[in-house]
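These notes are about the structure you will find just below.
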Amino acid sequence: MPSFQAPPGTFDVLPPASARYERLIGIFDRLAGAAGYGLVVSPMYEDVAVFRRVGESTDIVRKEMYEFTDRGGRHLALRPEGTASVVRAFVQHAPPTPFKAFYVAPHFRQERQQAGRYRQHHQLGAEALGSDDPDLDVEVVALAWRVFETVGLSRVRLRLTSLGDAACRPGYRDELLAHLEARRSELCDEHAGRLEENPMRVLDCKREECRAVSAGAPRMIDRLCAACRGHFARVEQGLGALGVPHDVDPTLVRGLDYYTRTTFEFEAGALEASQNGAGGGGRYDGLVEALGGPPTPGIGFGLGVERILLAADAEGVFPMPDTLLDAFVIDTTGGEAARDITEELRRAGLRADRAFDARSFRAQMKVALRSGATLAVVCEHQGLTIRTLREKGEAEDVDRDEVVERVKKRLG
Ligand code: HAM
């Protein structure tokens with residue numbers, strides 16, 4: 001075994017398997033771009049206080065952040081989630097609103113390692129700031145849904161609820177707290193001791209004790225104020241109109257504290273329940289202010305790249321592309337022809353590669369077959385031929401000056 005390995009909970013993605021990452025990112029890039037979202041690139045680490053704003057009672061902040069102090073004495077943390085970073089950048093630069101951004105980025109959480117739960121994972125994220133129009137909620141949820149649809153996943157369930165706002169949530173929180181306090185002794189140790197911090201965390205606890213108490217607890221969805229109820233009704237209606245199937249699930253609680261109003265999660269039916277969250281998001285109408293900006297509503301989502309690919313494997317969809325190259329050039333005449341022909345093919349917009357080190361025909365053919373290329377261009381002293389690599393077919397003699405044209409024609 002080599003002396004060094006990728007750290008626990010992390011992994012390498014090498015070609016050709018990485019081609020699926022590329023394809024998935026390409027799909028997201030296209031869909032987000034088509035909906036008017038622009039790429040945001042932000043630092044992989046921030047002042048730790050930025051991420052603390054996502055909720056002191058969350059697991060992410062309490063136990064999972066990679067925190068460090070740099071040589072200048074700054075207390076920093078690797079990005080455990082993307083929303084706080086985008087909102088920090090929004091407050092810092094004050095771009096015109098609505099500000100619609102997307103990102104594809106690594107995220108870091110010191111989680112207990114298990115299948116589908118990593119210490120570095122990657123998210124496809126989108127955030128839209130500056131409007132509380134329910135149609136924007138519809139747009140954001142539909143954008144995420146189209147990603148799953150385009151990947152070809154058919155067993156993804158969209159769970160949706162409303163968590164209320166500053167008008168109706170505090171009253172609900174008090175009512176929930178009273179309900180839970182009365183049964184505090186029945187709760188799991190972790191939640192019995194920290195109930196006041198955020199009683200809604202109990203509703204998200206997977207332990208039997210807490211689930212039994214949660215079952216009879218009051219539900220936010222039944223306590224929404226008129227404005228939140230109207231907002232939610234419009235979101236539901238909009239999703240219906242755009243053909244985005246969803247289940248209203250009042251038991252949905254997300255792992256982050258900033259959510260208000262529309263909140264959602266995508267559950268991959270093909271994955272084990274412990275890591276079937278393929279993505280999630282919601283409104284966070286108070287987060288911009290919490291990070292020092294003017295009152296500004298916002299909504300967004302993050303989709304887990306690895307979870308999507310695991311779900312795709314389990315459903316048998318989104319296979320690795322089987323051609324990574326259009327043509328592979330084999331040259332037994334010294335390599336100059338390969339050098340020039342690959343360049344010509346690439347300039348013509350084709351994906352082309354070649355063998356190096358002036359090896360034997362057999363050795364070069366082996367590399368060509370492994371490359372997954374559709375065609376081989378073979379340069380020998382007696383002339384040039386084009387051959388099919390992936391299936392049986394006639395070898396075709398070609399003149400030097402018509403190679404590109406003939407390769408294009410053969411590829412159709
Ligand atoms: P989150 O639910 O914490 O939300 O993460 C989003 C997605 O990232 C999850 O649904 C899951 O697919 C994936 N994920 C999270 N942790 C791991 C892990 N340890 N290993 C593998 N995949 C993981 C957020 O992070 C919010 N920032 C989403 C958001 C954006 N809300 C509003 N805007």
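Here are the numbers:
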item: Check on residue 313, of a type outside the set (Gly, Ala, Ser), in contact with a strand residue (DSSP E or B) (Cβ under 7 Å, 6 or more places away or on another chain) and more than 8 Å from the ligand (Cβ to nearest atom); result: no
item: The listed residue being assigned by TED's automatic domain parsing to the domain that holds residue 64 and either away from the ligand (no atom under 13 Å from the Cβ) or assigned to a strand (DSSP E or B) (or both), out of 149, 181; result: 149
item: Strands (runs of 3 or more DSSP E) enclosed by segment 51-113 - at least 3 residues per element that are within 23 Å of the chain's Cα centre (by Cα) and crowded, with 20+ Cβ neighbours inside 10 Å; result: 99-108
item: Criterion (under 22 Å from the mean Cα position of the chain (by Cα) and free of Cβ contacts under 8 Å to residues at least 12 places away in the same chain) met by exactly one of 226, 273; result: 273
item: Matching residues, segment 224-248, being assigned to a helix (DSSP H, G or I) and either crowded, with 17+ Cβ neighbours inside 10 Å or in contact with a His (Cβ under 6 Å, 6 or more places away or on another chain) (or both); result: 228, 231, 232, 235, 236, 238, 239
item: Residue satisfying all of: in segment 31-42; part of a helix (DSSP H, G or I) and exposed (fewer than 13 other Cβ atoms within 10 Å of the Cβ); nearest to the chain's Cα centre (by Cα) among these; result: 33
item: Where a residue in segment 30-49 is in contact (Cβ under 8 Å) with a residue 12 or more places away in the chain and its partner, wherever it lies, is assigned to a loop (DSSP other than H, G, I, E, B) and hydroxyl-bearing (Ser, Thr, Tyr), with Cβ under 9 Å and at least six apart; result: 31/37; 45/66
item: Index of the failed condition, residue 195 passing every other in (1) outside the structural domain of residue 251 (by TED's automatic domain parsing); (2) aliphatic (A, V, I, L, M); (3) outside any loop (DSSP other than H, G, I, E, B); result: (3)
item: Among (1) at pLDDT below 95; (2) in contact with a Lys or Arg (Cβ under 7 Å, 6 or more places away or on another chain), the one test that residue 251 misses; result: (2)
item: Within segment 110-130, considering residues that are farther than 14 Å from residue 81 by Cα and not basic (Lys, Arg), the one farthest from the ligand (Cβ to nearest atom); result: 130
item: Single condition residue 404 does not satisfy, out of (1) over 19 Å from residue 16 (Cβ atoms); (2) in contact with a Lys or Arg (Cβ under 7 Å, 6 or more places away or on another chain); result: (2)
item: Residues of segment 250-304 satisfying the condition of being among the small types (Gly, Ala, Ser) and either surrounded by fewer than 19 Cβ atoms within 10 Å (Cβ to Cβ) or more than 7 Å from the ligand (Cβ to nearest atom) (or both); result: 255, 268, 269, 270, 273, 274, 286, 290, 292, 293, 298
item: Scope segment 317-329; condition more than 16 Å from the ligand (Cβ to nearest atom) and under 19 Å from the mean Cα position of the chain (by Cα); matching residues; result: 317, 319, 320
item: Selected residue (only one of 197, 190, 186, 175 is farther than 20 Å from residue 56 by Cβ and out of contact with any helix residue (DSSP H, G or I) (no Cβ under 6 Å at 6 or more places or on another chain)); result: 175
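The values are calculated or read from the model by the stated rules, or taken from the named source; none is laboratory data. Because the structure is predicted, anything quoted here is derived from the model rather than measured. Counting neighbours? That spans all protein chains shown, and the Cβs are built from the backbone with ideal geometry, glycine included.
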